[in-house]
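The values are calculated or read from the model by the stated rules, or taken from the named source; none is laboratory data. What you see is a predicted model, and the numbers here were worked out from it, not measured in a lab. As a convention, Cβ positions derive from the backbone with ideal geometry for all residues, glycine included, and neighbour counts pool all protein chains shown. Remember, those area values only see protein heavy atoms, side chains included, never the ligands or the DNA or RNA. Shrake-Rupley method; radii C 1.70, N 1.55, O 1.52, S 1.80 Å.
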There are 2 protein chains.
Amino acid sequence: MYDDEYFMQHALREASYAFEAEEVPIGAIVVIDNKIIARGHNQVERLNDPTAHAEIIALTSAFNYIGAKYLPDACLYVTVEPCLMCCGAMYWSKIGRIVYGAADEKNGYKHITGEKWPFHPKTQLTGGVLEEEAVSLMRAFFKARRR
Amino acid sequence: MYDDEYFMQHALREASYAFEAEEVPIGAIVVIDNKIIARGHNQVERLNDPTAHAEIIALTSAFNYIGAKYLPDACLYVTVEPCLMCCGAMYWSKIGRIVYGAADEKNGYKHITGEKWPFHPKTQLTGGVLEEEAVSLMRAFFKARRR
């Protein structure tokens, strides 16, 4: 029996790859039927593209893997609350469920959408899974950059 | 002297390529110093990717062209009001100006963001340029699909 913490550990591993590459350490995976079908970590600096977020890379990989453009049976795990762009991408994907770790008061979608539900009506949402691990990684990254 | 209608005609030409490919007919271009540096049209069906919107394709092409991840001196022309995802992508790009044609009450970003400004604080926004041409193309597309 897999659970959210198990899969979030995999998303955190993706985030650690971003950290090692000196990218903002955010990672994401997409799961269908307890199987990880796609992975992504933030590659904004490497690709010189501010839209190369972990979620976008994982979603695009998932569309390619299943050969379809909707993911109603999938769950996306991401270590930090998605931004507005990634939130919009997940809306279009009709993803079944989203699980995130740490809230992001500055860049998370909620500071713009407020009380409005920006995802597909059937999408389920869970926040706060392994939140402290995600926050630790982000803090370590920004602390290192301030030096 | 170029003007918004001139560049929007180019975005509409991109939209017509989408129409011919049986994609929702939306087109976008990115302009710097009166020069078109990137183009994109909706390719959601072709790429089996619901995030392959005209704006995303044009932005990614622009980042590649200038070799940088911010576009403060650029203007993006798009035939229809951007969705929430594209709005978020433009936020990250710090694009200087956005010009769109037709409003989109169903999928446009404004129905979610309401009064909040979702773009970079310095981004300028103009709507309604060659609106009727964009609307005609969209109506022709959806009318043909209903048959």
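Take peptide A:76-83, look around each residue's Cβ out to 10 angstrom, count Cβ atoms belonging to other protein chains, and average those counts.
Taking all residues of A:76-83 together, the mean is 1.
Between 0 and 90 degrees, rounded to the nearest ten: what's the tilt of helix B:84-93 against the longest Cα principal axis of chain B?
The helix B:84-93 is inclined about 20 degrees to chain B.
Carbon and sulfur: what percent of the protein assembly as shown's accessible surface (1.4 Å probe)?
Carbon plus sulfur share of accessible area: 49 percent.
Among B:137-143, A:18-24, B:90-96, how do they line up from the highest to the lowest mean number of other beta-carbon atoms within 10 Å?
Most protected by this proxy first, the peptides run B:90-96, A:18-24, B:137-143.
In nm, what does the list of distances from A:Asp3 to its counterparts in the other copies look like, shortest first, when each label sits 7 Å along Cα to Cβ?
Sorted ascending, the copy-to-copy spacings read 6.6 nm.
Return the distance in nm (one decimal) between the two label points of a simple spin-label model at A:Tyr6 and A:Glu22, each offset 7 Å from Cα along Cα→Cβ.
3.8 nm
Relative contact order for segment B:1-79: what is it in percent, counting Cα pairs under 8 Å that are at least 6 residues apart?
For segment B:1-79, the relative contact order is 31 percent.
Average partner chain C-beta neighbours within 10 Å, per residue of B:49-55?
Taking the mean over all residues of the peptide, I get 6.
Rank by packing, highest mean first: peptides B:100-110, A:55-65, with packing defined as the count of other Cβ atoms within 10 Å averaged across residues.
A:55-65, B:100-110
Rounded to the nearest 5, what % of DSSP beta bridges with both residues in segment B:21-120 are antiparallel?
70 percent
Over segment A:4-132, with the other protein chains present, what is the accessible area per residue in square angstrom, probe 1.4 angstrom?
43 Å²
Would you pull out the residues with amide H under 5 Å of B:Thr79's amide H, same chain only if 5 or more places away, H placed 1.01 Å from N?
Hits under the 5 Å cutoff: B:Gly27, B:Gly101.
Over the whole of A:88-95, what's the average partner chain Cβ count within 10 Å per residue? Rounded to a whole number, please.
The mean count of partner-chain Cβ atoms within 10 Å per residue comes to 6.
In percent, how large is the relative contact order of chain B, given Cα pairs closer than 8 Å and 6 or more residues apart?
22 percent
In degrees between 0 and 90, to the nearest 10, how far off the longest principal axis of chain A does helix A:131-146 point, with axes built from Cα atoms?
Once rounded, the angle reads 40 degrees.
Could you run the numbers on buried accessible area between A and B, total for both chains, 1.4 angstrom probe, in Å² to the nearest 100?
Buried area between the two chains comes out at roughly 2400 Å².
Note down the net charge around A:Tyr77, summing +1 for each Lys or Arg and -1 for each Asp or Glu among other residues with Cβ under 12 Å from its Cβ.
It works out to a net charge of -2.
State, in angstrom, two size descriptors of chain A derived from its alpha carbons: Rg to one decimal place and Dmax to the nearest whole number.
14.1, 45
At a Förster distance of 30 Å, what's the computed FRET efficiency of A:Ser136 paired with A:Asn34, Cβ-Cβ distance as r, to 0.05?
0.65
Given A:Lys110/B:Lys94; A:Lys94/B:Lys143; A:Lys110/B:Lys122; A:Lys106/B:Lys143; A:Lys143/B:Lys35, which pairs have Cα atoms separated by over 31 Å?
A:Lys106/B:Lys143; A:Lys143/B:Lys35
Considering only the protein assembly as shown, what is the antiparallel percent among its DSSP beta bridges, to the nearest 5?
60 percent
Provide the convex hull volume over Cα atoms per residue for the protein assembly as shown, in Å³.
Taking the convex hull of the Cα positions in the protein assembly as shown, it is 131 Å³ per residue.
List residues of segment A:1-35, by number, whose backbone nitrogen lies under 13 Å from a label position 7 Å along Cα→C-beta of A:Leu47.
Only A:28 fall inside the zone, counting backbone N under 13 Å.
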